[in-house]
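Data block below; observations after.
The values are calculated or read from the model by the stated rules, or taken from the named source; none is laboratory data. These numbers come from a predicted model, not from an experiment. Every residue, glycine among them, receives a Cβ derived from its backbone with ideal geometry; neighbour counts consider all protein chains shown. For accessibility, only protein heavy atoms count, side chains too; no ligands or nucleic acids. Shrake-Rupley method; radii C 1.70, N 1.55, O 1.52, S 1.80 Å.
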Amino acid sequence: MSDLATLAAAAKAWPFEQARLLLERINKRPKDVVIFETGYGPSGLPHIGTFGEVVRTSMVRHAFRALTEDKIATKIICVSDDMDGMRKLPDNVPNHDMLREYMQRPLTDVPDPFGTHASFAHHNNARLCAFLDGFGFEYEFKSATELYKSGAFDATLLKALAVYDEIMAIMLPTLGEERRQTYSPFLPISPKSGRVLYVPMKRIDAAAGTITFDDEDGEEITQTVTGGRAKMQWKPDFGMRWAALGVDFEMFGKDHQPNQGVYARICKALGAEPPVNYVYEMFLDQHGEKISKTKGNGISVEQWLAYAAPESLSLYNFQKPRTAKKLYFDVIPKAVDEYLSHVEAYATQNLAEQLENPAWHIHAGSPPKELTPISFALLTNLVSASNAETKDLLWAFIGKYAPGTTPASHPFLDKLCDYAIRYFEDFIKPTKQFRAASDMERVAFEDLIARLDALPADTTDGEIIQNEVYAVGKEH
């Protein structure tokens with residue numbers, strides 16, 4: 001066993017803890033490819049919580065590869081629940097009047113309110129994939145609509161029909177009395193309206209693979225559960241998907257935890273072993289409310305990346321995933337500097353220490369070396385003090401502070417300059433308040449200007465300049 005694998009077997013970082021649990025599962029049930037799954041609900045625009053699931057899953061996957069010396073093939077699949085019916089209009093999308101007539105239609109049948117893709121789901125799926133591609137994640141995207149319609153789920157759906165009573169026995173105790181009267185784990189797609197129907201089953205025929213129900217107009221319909229003519233309710237769908245896709249690991253938010261046992265029991269009823277699960281806490285907005293795709297509260301991925309490097313976002317997701325954290329703009333500068341400090345420390349650490357360093361998990365074991373001699377906090381202070389509107393002015397200061405540092409030699413620092421200027425313009429400058437100097441202050445400032453002008457032009461000694469400032473203070 002390599003040194004890396006030996007140390008990975010004892011590492012305390014949470015991705016290694018999950019990797020060891022997963023290895024125990026695979027040792028009991030060997031297979032050719034270990035499947036990591038992440039789920040995405042495209043009912044609204046993607047948010048950081050959605051991507052955090054992929055970031056964290058990728059970290060567990062890499063920890064597993066280190067633990068097993070990459071001798072077991074692995075794959076991440078990202079499944080979009082885009083066959084779900086649109087149950088409410090997202091607050092943060094346009095053209096509500098157009099969307100209203102498509103309520104309860106599968107999201108892949110709802111027109112794109114932005115007018116750029118084949119459907120609302122296609123638009124949001126594209127946003128998701130663009131982000132994942134931008135991070136360089138290795139994943140395989142899967143559309144629930146395509147999985148249902150292509151027949152990929154057919155065998156498992158027929159099995160679910162065969163154990164219909166067992167699934168009902170699992171589900172009914174979790175429901176209120178009124179809901180029990182009409183509940184069905186299968187949701188037929190109306191052959192007339194195309195809507196996802198929440199209706200009771202009048203009959204099921206496991207041998208024929210059919211369900212019988214009343215359509216919206218009251219007509220009795222019998223149709224198969226295969227080929228995309230029906231989908232499963234979200235709780236049974238979880239367990240069905242695990243069984244159909246052979247999922248070995250999936251993490252999800254704390255809001256799923258009460259149903260975790262239900263998902264697992266349904267998976268077992270379908271003849272499969274439930275995957276290893278990791279439950280993480282939810283992100284909160286500045287008011288302490290859960291971030292929601294449909295509300296659009298909190299910070300979007302695009303907003304974070306407008307003010308900070310992607311790696312800082314990865315770090316924020318790595319840190320204490322089982323602790324609820326507020327996600328708003330004030331956390332960004334701190335996340336950037338914490339990321340820089342971890343990268344700087346990495347070069348001086350031994351391998352055991354490196355495996356506990358977030359930089360190892362963010363960069364899949366290969367963090368960059370020297371990124372910047374200047375912290376993001378110092379940059380934002382410099383922008384604030386100088387009112388710099390361009391990078392050229394910032395670099396004039398940086399060149400004196402760290403001789404030999406240039407945009408070419410430190411491209412990451414050059415990007416930080418962009419972020420610092422943007423952050424200042426949007427969050428610091430609007431809150432700054434100015435007043436006219438008093439007569440006494442004006443005289444003092446004029447004295448300071450005269451003293452600084454009198455210094456030799458090539459003066460860079462900070463102590464000399466500081467002494468002049470102190471002298472003016474004493475004089476006035």
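Annotations
- Rolling a 1.4 Å probe across the protein heavy atoms gives the stretch 51-101 an accessible surface of 39 Å² per residue.
- Share, in percent, of DSSP beta bridges within the chain that are antiparallel, nearest 5: 40
- The order of the peptides 76-88, 436-448, 369-381 by mean Cβ neighbours within 10 Å, most packed first, is 76-88, 369-381, 436-448.
- Ranking Ala272, Asn317, Phe135 by how far each Cα lies toward the positive end of the dipole of the chain (charges on Cβ) leaves Ala272 at the top.
- When the helices of the chain are scored as -39500 (n - 2.57) per DSSP H run of n ≥ 4 and the total is divided over every residue, the value at 222 nm lands at -14000 deg cm²/dmol.
- Packing rank of 263-275, 93-105, 9-21, where each peptide gets the mean count of other beta carbons within 10 Å, highest leading: 263-275, 9-21, 93-105
- In the full protein context, the stretch 247-333 carries 39 Å² of accessible surface per residue, based on a 1.4 Å probe and ignoring ligands, DNA and RNA.
- The stretch between Ala377 and Thr116, if pulled fully straight at 0.36 nm per residue, gains 90.1 nm over its current Cα-Cα span.
- √(5λ) per eigenvalue of the Cα gyration tensor, the stretch 204-278, largest first, Å: 29, 15, 9
- Between the amide H of Gln104 and those of Met86, Arg87, distances stay under 5 Å, these residues lying 5 or more places away or on another chain, with hydrogens modeled in the peptide plane.
- For the stretch 128-134, 3J(HN,Hα) per residue [Karplus equation, 6.51 cos²θ - 1.76 cosθ + 1.60, θ = phi - 60°, Hz, x = Gly/Pro]: 4, 5, 4, 5, 4, 5, x
- Backbone HN-Hα couplings from phi across the stretch 227-243 [Karplus 6.51/-1.76/1.60, Hz, Gly and Pro as x]: x, x, 8, 7, 10, 9, 4, 5, 5, x, 4, 4, x, 4, 5, 4, 5
- Multiplying the residue separation of Asp3 and Ser409 by 0.36 nm and removing their Cα-Cα distance gives an extension gain of 142.8 nm.
- Principal axis extents of the Cα atoms in the chain, from largest to smallest and rounded to whole angstrom, are 97, 61, 37.
- Calculated FRET efficiency, Glu178 to Ala324, Cβ-Cβ distance, R0 = 30 Å: about 0.40 to the nearest 0.05.
- Rounded percent of accessible protein surface that carbon and sulfur make up, the stretch 1-147, 1.4 Å probe: 50
- Distance violations [Cα-Cα > 28 Å] among Lys320/Lys429; Lys149/Lys320; Lys75/Lys268; Lys334/Lys369; Lys28/Lys159: Lys320/Lys429; Lys149/Lys320
- For the stretch 89-247, the fraction of C-alpha pairs farther apart than 18 angstrom is 64 percent.
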